[in-house]
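One structure is given here, and the rest of the page talks about it.
The values are calculated or read from the model by the stated rules, or taken from the named source; none is laboratory data. Owing to the predicted nature of the structure, the values given are computational and were not obtained by experimental measurement. Here the Cβ is made from the backbone with ideal geometry for all residues, glycine too, and neighbour counts use every protein chain on show. Just so you know, the surface numbers come from the protein's heavy atoms only, side chains and all, with ligands and any DNA or RNA stripped out. Shrake-Rupley method; radii C 1.70, N 1.55, O 1.52, S 1.80 Å.
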Amino acid sequence: MSSSQPTGAQILARALKQQGVSVVFGIVGIPVVDVAEAIQAEGIRFLSFRNEQSCSYAASAWGYLTQTPGVCLVVSGPGVVHALAGLVNSQVNTWPLVLIGGSCETHLEGAGAFQECRQVEMCRPYTKYSARPPSIAHVALTVERAFRHALVGRPGAAYVDLPADFIQGHLDKDTTVLEAVRVRPVYAQADPKEISRAAELLASAKAPLLIVGKGAAYARAEEEIRRLVDKYQAPFLPTPMGKGVVPDEHPRNASSARSTALKSADVIVLLGARLNWILHFGRRFSPKAKIIHVDVHAEELGGTVPVHVALQGHLPLVVRQLTDALQAPFVQQPDANQYVQTLAAHSSLNAQKQQAKYLNPTLPMSYHRAFYEIKQKLPHDFVLISEGANTMDIARTVYDFQMPRRRLDCATFANMGVGLGFAIAAQVHYPESHVVAIVGDSAFGFSAMELETAVRSHLPLVIIVINNNGIYFGLEQAEYDALEQQGRLPATALRPDVRYEMFAEAVGGKGYLVSTPDDLSKAVEQSLQHKGLSLINCLIAPGGYQKLDFAWMAK
C-alpha cells in the first residue's frame, strides 16, 4: 500500500466537491475528524455545531434554500441517532439532504465496537437511499448515488455510512477510484392531454382558487406562477412557506380571507401543495369543488379527496404549459366578480380586526402587539425563521413577503428545534440580508447553544425570543410560586422571566431585555444595525393556565 494513494476521507471530500458542495454542516469526533479536515482541504466550508440535531436541521434548510442537497457530517452511533431529526425532516418535507455518518471498523462489527450501531438499517425507513460503500474505491460512486436519490425526482434524504477503517485507510495499490459524475436534476412536463382537461376546467370556473405551496418555492416556480396569476386573474392562497412566490402585496392574494376562499372555490389548483394537515386534508373545500393537483410525485396526487385532473411533472414546466393553454382571465371583469368581491370584503374586515390587535395598549404586550412593533422595523428583504406554537401560528398572519424562500418555519413535520439551525443556514445563503429568528421561549431551548456557533461563524443573526414563560401558555410569578408550593405546576410551565438575553452576552453577542412596545422597537432597530449576533428577550403576557385543544389538527 502506498501513502501516495488517497484515504477514504480524501476521496469522500473530493466527491463532495465534484457534486458542487460549498458548505458542510456537522460536528466532529471519532472517527470523522479526518473527514472534516479533508473537506476543508478541498476548499469546502465546514460549519461546526454544538448539537447534531441543529446541524442536521441546517443541512435540511440548505437543501430547501439552494435546491441542492444539504450535507451533514456526524460521528457514529449517537451522532447518527441525533441527526435523524434533520434526516426525517428532509424526507417528510421532500428537501434534498445527504447525511454522512462515521461508523465502527468493519472488522469489529458484532464485537461490541465503539459506538457500534446498525446505522444503514436505522436510516433506511427515513431515506430514499441508505448505503455503505463496499470498498474505499466505491466511496465516490456511493456519494454520487446518494446525491442522485436526494435530488432527482421527488427530493428527499439519503444516508452514506463511512467506517473508520475506510476513513483512515488508503486506496489499495494499483486500484483506482470508481468513476462518478456530477448529478444533475431531470425535469419533465405533464401529459398535454391532461393539460387540456385542466384548462377546460379552469375556463368554466366562476370561483377559482390557486393554492401555492412550499413545493412551488423549492421548485423556483415564482416567475411561472406570477405569470399564471396575472393572466388568469384568479385569487391565490399561499401556504405559510409558499408566501412570496407571488408577492403578498398582489391584489389577488386571498390570505386574509383564507377560510372563505377554501370553502367557496369551485375549482382549486394545488401548486406544490399537499392535501395534508396544513390544508385540513381538503375537508374544508366545498364538496362540489373540482381539484387540479400539480406535483412531481405521482403518488402524492390525490389521496384524501378526489382529484379531477392530476398533473405530474416539474412545477415550473407544468405551470408554463397550463398558462399557455389558458386564453383569458376566468371572467371578463374579475374585479366585478361576486366571488372576488366577497373575498375582498372579508379581507378588509379581517384586516381591521388585525389592526385593532396590533394597537392593543395593554401591558404586558400581546403576541400581536409585539409582532407589530417588530414588523415596523424590518427591511423588505428580510428572512424570517418562525418557530414555536403560538409564536409561529400567529406570526403567519402578520408578516408579509414579496420574495420567495424568505420565510422558514417548522413546515410539514412541525418539529421544534429547527430555529437556530435554519437561521444559520439562511444567513450563510443570504449573506447580505438580515435573518431574523422569532422563536418561542420553549422552542429556543432546543437549540440555544447554537448562539455560540453563530458568533464563532461571524453570522449577524437577530434572535427574538417571545417569552411567555411556558409552552403555549405560561404563568405570572405569583401564580407560578403558589402552584409550585402546592406541587401542582402545569407541565407547560417554564420559569417566569428567564434572562435569555444573557445567553447571547455569554457567548459574545448583544442582549436586550424588553417589556414595552417602545423598548422592543428600539431593540429591533439597534439589533439590525449591529454587525454581530443580537438576542432580544421580549416579555409578553403569559396567558395563564388553559386547557389545550389539539382537535384542529385532524379537522
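Brief remarks on what is shown
- Looking only at residues of the stretch 111-129 that are in contact with a Phe, Trp or Tyr (Cβ under 8 Å, 6 or more places away or on another chain) and closer than 16 Å to Ser56 by Cα, we find that the one that is surrounded by the most Cβ atoms within 10 Å (Cβ to Cβ) is Gln119.
- Filter result for Thr142 (within 23 Å of Gln40 (Cβ to Cβ), open to solvent by 10 Å² or more (accessible area, probe 1.4 Å) and hydroxyl-bearing (Ser, Thr, Tyr)): no
- Complete set of residues in the stretch 301-315 that are open to solvent by 10 Å² or more (accessible area, probe 1.4 Å) and either part of a helix (DSSP H, G or I) or not hydrophobic (A, V, I, L, M, F, W, C) (or both): Gly302, Gly303, Thr304, Pro306, His308, Gln312, His314, Leu315
- Taken over the stretch 410-444, the criterion of being in contact (Cβ under 8 Å) with a residue 12 or more places away in the chain, open to solvent by 10 Å² or more (accessible area, probe 1.4 Å) and more than 14 Å from the chain's Cα centre (by Cα) is satisfied by Val428, Tyr430, Ser433, His434, Ser442.
- Taking the stretch 199-215 as the range and being among the charged types (D, E, K, R), part of a helix (DSSP H, G or I) and surrounded by fewer than 23 Cβ atoms within 10 Å (Cβ to Cβ) as the test, only Glu200 passes.
- Contacts under 7 angstrom Cβ, first residue in the stretch 522-548 being without any contact (Cβ under 8 Å) to a residue 60 or more places away in the chain, partner surrounded by 14 or more Cβ atoms within 10 Å (Cβ to Cβ), 6 or more apart: Ala523/Tyr512; Ala523/Val514; Ala523/Ile536
- Within the stretch 508-529, the only residue that satisfies the criterion of being under 26 Å from the mean Cα position of the chain (by Cα) and assigned to a loop (DSSP other than H, G, I, E, B) is Gly509.
Matching residues to (1) of a type in the set (Asp, Glu); (2) more than 30 Å from Leu326 (Cβ to Cβ):
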{"site": "Gly156", "(1), (2)": "no, yes"}
{"site": "Thr176", "(1), (2)": "no, yes"}
{"site": "Pro185", "(1), (2)": "no, no"}
{"site": "Glu200", "(1), (2)": "yes, no"}
{"site": "Ala221", "(1), (2)": "no, no"}
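- Qualifying residues in the stretch 145-157 (those that are open to solvent by less than 20 Å² (accessible area, probe 1.4 Å) and in a loop (DSSP other than H, G, I, E, B)) - the one nearest to Val294 (Cα to Cα): Pro155
- In the stretch 379-400, of all residues being under 21 Å from Val428 (Cα atoms), in contact with a Leu (Cβ under 8 Å, 6 or more places away or on another chain) and not small (Gly, Ala, Ser), the one that is most open to solvent (accessible area, probe 1.4 Å) corresponds to Pro379.
- Here Ala298 meets each of (1) modelled with pLDDT under 95; (2) of a type in the set (A, V, I, L, M); (3) surrounded by 16 or more Cβ atoms within 10 Å (Cβ to Cβ); (4) touching a strand residue (DSSP E or B) at 6+ places or on another chain (Cβ under 8 Å) with one exception, condition (3).
- Qualifying residue in the stretch 364-372 (condition: in a loop (DSSP other than H, G, I, E, B), surrounded by 16 or more Cβ atoms within 10 Å (Cβ to Cβ), under 18 Å from the mean Cα position of the chain (by Cα) and at pLDDT 95 or above): no
- Filtering Val160, Val246 for residues that are β-branched (Val, Ile, Thr), touching a residue at least 12 places away in the same chain (Cβ under 8 Å), part of a loop (DSSP other than H, G, I, E, B) and in contact with a helix residue (DSSP H, G or I) (Cβ under 7 Å, 6 or more places away or on another chain) leaves a single hit, Val246.
- Complete set of residues in the stretch 264-307 that are more than 24 Å from Thr342 (Cα to Cα) and β-branched (Val, Ile, Thr): Val294, Val296, Thr304, Val305, Val307
- Residues that are crowded, with 23+ Cβ neighbours inside 10 Å number at least 2 in the following strands (runs of 3 or more DSSP E) confined to the stretch 1-110: 23-26, 70-74, 97-103.
- Residue count, the stretch 225-247 (criterion: open to solvent by 30 Å² or more (accessible area, probe 1.4 Å) and closer than 21 Å to Val309 by Cβ): 3
- For Ala180, the criteria (1) under 26 Å from Val81 (Cα atoms); (2) touching an Asp or Glu at 6+ places or on another chain (Cβ under 6 Å) hold in every case but one, which is (1).
- Test: residue in the stretch 262-278 that is over 19 Å from the mean Cα position of the chain (by Cα) and aromatic (Phe, Trp, Tyr): no
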